């Protein structure tokens, strides 16, 4: 039987059990890396931020109160790492411009929605406002609830829902336009 996140956290807090923390990392690393990859559109940066987030989690694990899920708490730390990097760099517009010009070519044709390529979703995400993109990633890539995303982002739940609704509508329109242009 697998230990729950709460049981593993208790072991880490009580004994500084590195093995228990390693299990937590293995359990959540793909989720955190993918969340950060969608937010940054940069594999190396996402890996660095994920590593920093797990280091922060190790250092601050005794601050996890058990309110909410460990996954939500960890996403909050990763999101904070993302925001700190964003504030430090202050050049995401330049990075996003580079990302927008990047296209994936498959068999001589640009990838399209019918092929199910993630590039279309990433391209649509890159055209959303920063907050819309981040909240959609938090809810749909990581599977957080609106309440958990509100806790991670520090925004009221109603605001989270509004940003997600607007972002989804924008993405739907962009992807439908692209689909009609490709056909």
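Report the Cα centroid-to-centroid distance between region 51-80 and region 141-158 in angstrom, as an integer. Taking the Cα centre of each part, region 51-80 and region 141-158 sit 15 Å apart. The Cα atoms of region 15-61 give a gyration tensor whose axes a ≥ b ≥ c have a/c of 1.5 or more with a/b greater than b/c, which makes the shape prolate.
Only the coordinates and a few stated rules stand behind these numbers; no lab work does. Computed from a prediction, not measured in an experiment: that's the story for all the values here.
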